[in-house]
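Below is one structure, written out as structure tokens; comments come after it.
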């Protein structure tokens, strides 16, 4: 057994990982739709090793990735069915945990229908923290906008790096992040040519945010949020409609998706109202600190 770590995956390695991922997906009953992200640029330190490849007899038998935009990390892992119950996942997790001990927390990301997950979660003594939903717009007619009393139209202004003073504290408050983590996240979003960050404004006041990314013939909406004191006034709906109108004007040939989580049920309901349906669910199991500190 040999484990190699990288911060960059080349074409040959990606081909091996995708093949292993597909084998593991098909081995589950029913089959899963896992598709691990193989780009470290979204990490707080993109040059830090975050991809772990385990080889046995010259074959790629296991894989683990660490995503850490801030001090909270997420791991995704899969092991070839014929190499399971041989301690390969444990070995991958041990090495990654040792090299990422500076993280505040570490969570295992898994799909709820995976037959192998319950045993792993029990062994790790991990607890379900929240679920994330990958939703797709089914191209239904948009519902009629019913403005709440006192509603004012929302305008979306594309954020620039110089907007950090306004954007960073807002992102930190909306998405429960440390200011330092939100600052790094905002910078990376602004620098990415495939991502657009918008400040939602009512008059001269910033009331929330909304973002989207373009990747592989798909536009994905994320980070839609409204200041807590201003919720219930229809601003969230205004942000979503604005992003969807942007898609309709420039990217209608692409599929339209959204990333949401169970910690914001009102947002999930809003997207469902606008014709989005859940395609994939990911559950996040928080690992105990004793697991992260394991040697």
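The figures follow:
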read-out	value
Taking all pairs of distinct alpha-carbon atoms in the chain, Kirkwood radius in angstrom	20.6
On Cα atoms only, tilt of 235-250 relative to the major axis of the chain in degrees	80
Whole-angstrom gap from region 174-243 to region 99-121, using each part's C-alpha centre	27
For region 159-288: rounded, prolate or oblate by the Cα gyration tensor [a/c cutoff 1.5]	rounded
Folded to 0 to 90 degrees: helix 164-174 orientation relative to the chain principal axis, Cα	70
Length-normalised contact order of the chain in % [C-alpha pairs under 8 Å, at least 6 apart]	23
Spin-label pair residue 18/residue 230, simplified geometry with 7 Å Cα→Cβ offset, distance in nm	4.2
C-alpha long axis of helix 88-99 to longest principal axis of the chain, angle in °	60
Fraction of antiparallel bridges per DSSP, the chain only, in percent to nearest 5	85
Cα-projected label distance for residue 144 with residue 261, points at 7 Å along beta-carbon direction, nm	3.7
Residue 115 paired with residue 269, simple spin-label distance in nm, labels 7 Å along Cα-to-beta-carbon	3.8
Gain in span if fully extended, residue 33 to residue 217, counting 0.36 nm per residue against the direct Cα distance	64.5 nm
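Here, each number is a calculation from the coordinates, and none is a lab measurement. Just so you know, these numbers come straight off a predicted model, no measurement behind them. For neighbour counting, all protein chains shown are included, and Cβ atoms are generated from backbone atoms with ideal geometry for every residue, glycine included.
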